[in-house]
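Undergrad: Structure below; questions to follow.
The values are calculated or read from the model by the stated rules, or taken from the named source; none is laboratory data. As the structure is a prediction and not an experimental result, all values here were calculated from the model. We place every Cβ from the backbone using ideal geometry, glycine too, and count neighbours over all the protein chains shown. Surface accessibility is based on the protein's heavy atoms, side chains included, excluding ligands, DNA and RNA. Shrake-Rupley method; radii C 1.70, N 1.55, O 1.52, S 1.80 Å.
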Amino acid sequence: MNGEPIIELENLSRWYGEILGVNRINATIPPGITGLLGPNGAGKSTSIKMLTGILTPTEGTVRVGGRDPHRQRRENAARMGVVFGQRTHLWWDLPVIESFELLRHMYRVPLERYRENLDTFNDLLELSSFFPTPVRQLSLGQRMRADIAAALLHDPEVLFLDEPTIGLDVISKGAAQSWQMENRGKTMVADKFDFGFAVDWMRKDLEICLSEADRNGAVLPVTALIDQFYKEVQKMGGSRWDTSSLLARLAR
């Protein structure tokens with residue numbers, strides 16, 4: 001699917017009675033990392049629920065990996081992972097490890113691959129100490145660590161995260177980010193990094209930071225310097241490069 005959009009939204013809308021929750025979103029999103037930014041009540045969670053097939057759009061269409069999430073719910077669910085910070089998808093009365101085993105069978109993950117993934121996430125998130133603990137007895141931070149691992153055990157094609165770091169301590173957040181960077185490094189080494197969108201999106205995020213700083217009378221010299229760097233990258237024709245691609249080109 002490299003080069004093709006992973007998510008396509010056309011006039012995506014959702015009404016709750018007379019209240020408009022999501023208003024005509026149009027987007028074509030390539031593979032890579034994309035974030036939804038907005039204040040509380042902006043419709044971020046509602047949008048994610050429509051992408052996962054939990055909610056049906058009132059108007060418009062949505063395609064994820066070429067599939068309609070609501071009409072092709074089973075096919076979509078088999079290829080995605082999802083973490084909702086306010087709700088677990090583990091079995092409340094079962095020990096964590098038994099929930100993982102159930103997910104392995106549901107997603108038909110080969111035993112060897114399951115063990116590899118479990119070892120990886122155990123190393124990163126220190127899960128083994130509460131493997132035998134029923135989910136209902138976990139702290140919020142422990143449950144979130146287990147939920148993140150559960151969402152990734154089957155190597156999903158698409159991963160949706162809605163407030164995934166709620167309850168996580170700084171070390172756990174750092175471990176999750178380190179895993180992400182390590183895996184991005186592997187794609188870069190394998191020369192599989194042309195997913196392209198990070199430079200454009202990075203500048204949009206930086207513009208938000210700089211405009212807010214300007215509005216509040218703050219000075220962010222390092223942020224401004226980074227923004228100028230990405231601006232130069234765009235001039236070089238790299239507006240669609242992702243970060244791994246950019247790093248690889250700079251190293252040449």
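Undergrad: Regarding R71, is this residue in a loop (DSSP other than H, G, I, E, B) and of a type in the set (D, E, K, R)?
TA: Taking the combined requirement at face value, the residue satisfies it.
Undergrad: Here's another thing I want to ask about it. Among V62, V82, which is the only one that is under 21 Å from I148 (Cβ atoms) and part of a strand (DSSP E or B)?
TA: Only one candidate qualifies: V82.
Undergrad: What is the number of the single condition among (1) under 19 Å from the mean Cα position of the chain (by Cα); (2) of a type in the set (A, V, I, L, M); (3) at pLDDT 70 or above that M181 does not meet?
TA: (3)
Undergrad: A42 versus (1) hydrophobic (A, V, I, L, M, F, W, C); (2) under 27 Å from M106 (Cβ atoms); (3) over 17 Å from the mean Cα position of the chain (by Cα); (4) assigned to a loop (DSSP other than H, G, I, E, B): which is the lone unmet condition?
TA: All conditions pass for A42, except number (2).
Undergrad: Which residues, counting only those in segment 125-143, are assigned to a helix (DSSP H, G or I) and of a type in the set (A, V, I, L, M)?
TA: Result: L125, V135, L140.
Undergrad: Here is a list of conditions, (1) of a type in the set (K, R); (2) within 30 Å of E207 (Cβ to Cβ); (3) modelled with pLDDT under 90, and R73 meets all of them except one; can you say which number that is?
TA: R73 satisfies every listed condition except (2).
Undergrad: On to the next question. Looking only at segment 1-31, count how many residues are open to solvent by 50 Å² or more (accessible area, probe 1.4 Å), farther than 17 Å from G53 by Cβ and of a type outside the set (D, E, K, R).
TA: Total satisfying the criteria: 12.
Undergrad: Return only the number of the condition from (1) farther than 24 Å from Q142 by Cα; (2) among the basic types (K, R); (3) more than 19 Å from the chain's Cα centre (by Cα) that R115 does not satisfy.
TA: Among (1) farther than 24 Å from Q142 by Cα; (2) among the basic types (K, R); (3) more than 19 Å from the chain's Cα centre (by Cα), R115 violates only (1).
Undergrad: If you scan segment 85-104, which residues turn out to be closer than 14 Å to A151 by Cα and either of a type in the set (G, A, S) or open to solvent by 80 Å² or more (accessible area, probe 1.4 Å) (or both)?
TA: G85, R87, W91, S99
Undergrad: Find the residue count for segment 112-130, including only residues that are open to solvent by less than 70 Å² (accessible area, probe 1.4 Å) and either under 24 Å from E157 (Cα atoms) or at pLDDT 95 or above (or both).
TA: 9
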